[in-house]
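S.K.: This structure is in structure tokens; I'll ask about it shortly.
Just so you know, all these numbers are worked out from the coordinates, no wet-lab data involved. Quantities reported herein were computed from a predicted structural model and do not represent experimental measurements. As a convention, Cβ positions derive from the backbone with ideal geometry for all residues, glycine included, and neighbour counts pool all protein chains shown.
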Amino acid sequence: MDPVEAIRRAQAANLVDEDGHEVVLELHPGLTRDEIQSLEDAAGVPLPRELRMLLAHTAGLDGALETVDFTGRTLDFEDLDIFPAGLPIAHDGFGNHWVVDLTPDETETATVFFACHDPPVVLYQSPTLGRFLHEAFRLSMPPHESLVDDVHEDRLFHVWRDDPGVLDRPAALAGDEDLHAFADALDDRFVFVDLRSPEPGMGFSWGRYGPRTEVRRHGYVRLFAYARPERKPGLLTRLFGRDPGSPS
């Protein structure tokens, strides 16, 4: 389902919140061709066809999630280590965002991730914008069950608590060409997560070791790594070559 069709189906449906109140979708005006090109120029990579089609139809909407802005201009999110050309498109009202992971190779569909700060994890949400919107609108369709809600409310805690799918460096070095090259460029502090063929809710803990956690990505390939911050020598070590209080 393309994103415009997802919107039209939702507009034709009887949308209600969990208290039974009617939900009305209000669409913002679409962008001109020049405005879409300007957004693409700012992103630095081609915009996928489904995103361009959606932007021409509407730049955002009210009535789903807290904020939906397909241009990203009203949303304050950027993390170049994780999303080199990330475009935030929605906000939950609590500092967390859904982000389109723009890459040079994806010219047809737009992959959506959920970036959360509490707990500090990034999760795969949807393979396309159309699917993301379909699941977002299901929040206003009885029985109000949606993969957007599953990822937002439950699966992030599973990733934070259990760290599933993490590979140590020897296992990554034994992987395919991309994974081997990525691991070979990093040291043994790093663990690796392969999100090239993910299921909704898969992800990694970008803040596993606090705000100074080191996070890497293999270019635009969805291979990620993170590590404890490298311990730097203290002032006394830098002055005297060793800590004067340590054994000789």
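S.K.: Evaluate the charge dipole of the chain about its Cα centre and quote only its size in Debye, nearest 20, assuming +1 on the Cβ of each Lys and Arg and -1 on the Cβ of each Asp and Glu. If you can, show how the numbers build up before the last one.
M.R.: On the way: 23 positive and 45 negative charges, 208 e Å.
Roughly 1000 debye, rounded to the nearest 20.
S.K.: Need the full-extension length gain, Glu230 to Asp188, defined as separation in residues times 0.36 nm minus the C-alpha distance. One decimal, nm.
M.R.: Numbers: separation 42, 0.36 × 42 = 15.12 nm, distance 1.11 nm.
Using 0.36 nm per residue and subtracting the Cα-Cα distance, I get 14.0 nm.
S.K.: Further, regarding this structure: Could you work out how much longer the chain between Asp176 and Thr74 gets when fully extended? Use 0.36 nm per residue separation minus the Cα distance between them, nm to one decimal.
M.R.: Result: 32.8 nm gained on full extension.
S.K.: Right, another one. Counting only residues 5 or more places away or on other chains, whose amide H sits under 5 Å from the amide H of His218 once H atoms are built in the peptide plane?
M.R.: For His218, whose amide H was placed from the backbone, the distant partners under 5 Å are Leu223.
S.K.: About its Cα centre, what dipole magnitude does the stretch 169-227 give when the only charges are +1 on Lys and Arg Cβ and -1 on Asp and Glu Cβ, stated in debye to the nearest 20? Mind dumping the intermediate values first?
M.R.: Details: 8 positive and 9 negative charges, 67 e Å.
With only Lys, Arg, Asp and Glu charged at Cβ, the dipole is about 320 debye.
S.K.: Quick check: pseudo-label points 7 Å beyond the Cα along Cα→Cβ at Asp105 and Asp81, how many nm apart are they?
M.R.: 2.4 nm
S.K.: If you wrap the chain's Cα atoms in a convex hull and average its projection over all directions, what's the area in nm²?
M.R.: Average projection, Cα convex hull of the chain: 17.0 nm².
S.K.: Kindly provide the helix-only [θ] at 222 nm of the chain, computed as the sum of -39,500 (n - 2.57) over DSSP H runs of four or more divided by all residues, to the nearest 500 deg cm²/dmol? Show your work: numbers first, answer last.
M.R.: On the way: 9 runs with 70 residues, N = 248.
That calculation yields -7500 deg cm²/dmol at 222 nm.
S.K.: I would also like to ask the following. Nearest 20 debye, what's the magnitude of the dipole of the stretch 66-192 about its Cα centre given +1 on Lys and Arg Cβ and -1 on Asp and Glu Cβ?
M.R.: Numbers: 7 positive and 27 negative charges, 62 e Å.
Roughly 300 debye, rounded to the nearest 20.
S.K.: May I ask you to sort Val23, Val112 by Cβ crowding, counting other Cβ atoms within 10 Å and putting the fewest first? Display every interim value, and only then the final one.
M.R.: Working: Val23 17, Val112 26.
Sorted ascending by nearby Cβ count, the order is Val23, Val112.
S.K.: Using +1 at the Cβ of each Lys and Arg and -1 at the Cβ of each Asp and Glu in the chain, identify which of Pro211, Leu55, Val112 lies farthest towards the dipole's positive end.
M.R.: The one lying farthest along the dipole's positive direction is Pro211.
S.K.: Could you tell me the distance between the Cα centroids of the stretch 160-236 and the stretch 53-100, to the nearest Å?
M.R.: Using only Cα atoms, the two centres lie 25 Å from each other.
S.K.: Sort 176-184, 220-228, 73-81 by packing, meaning the average of other beta carbons within 10 Å per residue, with the highest value first.
M.R.: 220-228, 176-184, 73-81
S.K.: Same structure, new question: Tell me, what is the percent relative contact order of the chain, built from C-alpha pairs under 8 Å that lie six or more residues apart?
M.R.: About 15 percent, as a whole number.
S.K.: Would you work out if the stretch 169-227 is rounded, prolate or oblate? Take a ≥ b ≥ c from the square roots of the eigenvalues of the alpha-carbon gyration tensor; rounded if a/c is under 1.5, else prolate when a/b is larger than b/c, oblate otherwise. Kindly include the intermediate steps, with their values, before the conclusion.
M.R.: Details: a/c = 1.86, a/b = 1.12, b/c = 1.66.
Because a/c hits 1.5 or more and a/b fails to exceed b/c, the stretch 169-227 counts as oblate.
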